[in-house]
1. So what is the accessible area of region 71-143 per residue, in Å², with the probe set to 1.4 Å?
2. Roughly how many whole Å is it from the C-alpha centroid of region 104-125 to that of region 61-98?
3. How large is ³J(HN,Hα), in whole Hz, for each residue of region 92-105 in order, when computed from phi with the Karplus curve 6.51 cos²θ - 1.76 cosθ + 1.60 and θ = phi - 60°, using x for Gly and Pro?
4. Using amide H atoms built in the peptide plane, which far-off residues or other-chain residues are under 5 Å from LEU118 H to H?
5. Taking H as built 1.01 Å from N, whose amide H comes closer than 5 Å to the amide H of LYS52, not counting residues under 5 places away?
6. Checking the table LYS26/LYS137; LYS52/LYS85; LYS51/LYS132; LYS51/LYS74; LYS62/LYS119; LYS62/LYS104 against a 25 Å threshold on Cα-Cα, which pairs fail?
7. List the residues, sorted by chain then number, that are 5 or more residues from PHE103 or on another chain and whose placed amide H is less than 5 Å from its amide H.
Amino acid sequence: MQKNNIQTLITEFSGEPITEKNTIEKAYISNSRIKNINPGDVIMFYRSEDKKSLLNIGIVEKAYRLNNSDDIIKVIGKRSVYNKKDIKNGNQLVIMFLYNFTFKKGLDLDYLIKNEILKGAPQSIMKINNEKYNKIKKHVGIDGCYTFN
């Protein structure tokens, strides 16, 4: 009879979120001027055009500032639905991230404002503090692998 050896990963003790290996790798392109996006940052997406809700979560792998659409295409590869005609030249923020999941119940704008997570509809990428993130986690049921506390 063979025993299964389960090995603990160093990331389980490092305080970093643990991302499953079957996660979808994606790219996000923005005109945002935000500068402080680092590998391991939690990233959430608010869908403003149709759902008007905070719906998705992922983990940043790498962020780039690129000016040339050819360079952007090389970096994003097949991780995006963007094609060359969709990508503009100029100072673009390219975020490579691991898409983890969609929340079972999104957070609509009214909830986000009433709970002082946002002051209004997000216009661009923005950073939130741990207190606001903890409110989101509690409401959508994010477990401990997506936390730093």
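The values are calculated or read from the model by the stated rules, or taken from the named source; none is laboratory data. Just so you know, these numbers come straight off a predicted model, no measurement behind them. Side chains are part of the model used for accessible areas, which takes the heavy atoms of the whole protein and leaves out ligands, DNA and RNA. Shrake-Rupley method; radii C 1.70, N 1.55, O 1.52, S 1.80 Å.
1. Details: 4840 Å² over 73 residues.
About 66 Å² of surface per residue is accessible.
2. 27 Å
3. Values, residue by residue: 10, 8, 10, 10, 8, 9, 9, 7, 8, 5, 9, 4, 4, 10 Hz.
4. Those qualifying (amide H under 5 Å, at least 5 residues apart or on another chain) are ILE113.
5. Correct list: ARG47.
6. Values: LYS26/LYS137 22 Å; LYS52/LYS85 27 Å; LYS51/LYS132 21 Å; LYS51/LYS74 31 Å; LYS62/LYS119 28 Å; LYS62/LYS104 27 Å.
Long pairs (Cα-Cα over 25 Å): LYS52/LYS85; LYS51/LYS74; LYS62/LYS119; LYS62/LYS104.
7. HN-HN under 5 Å from PHE103: ASN56, ILE57.
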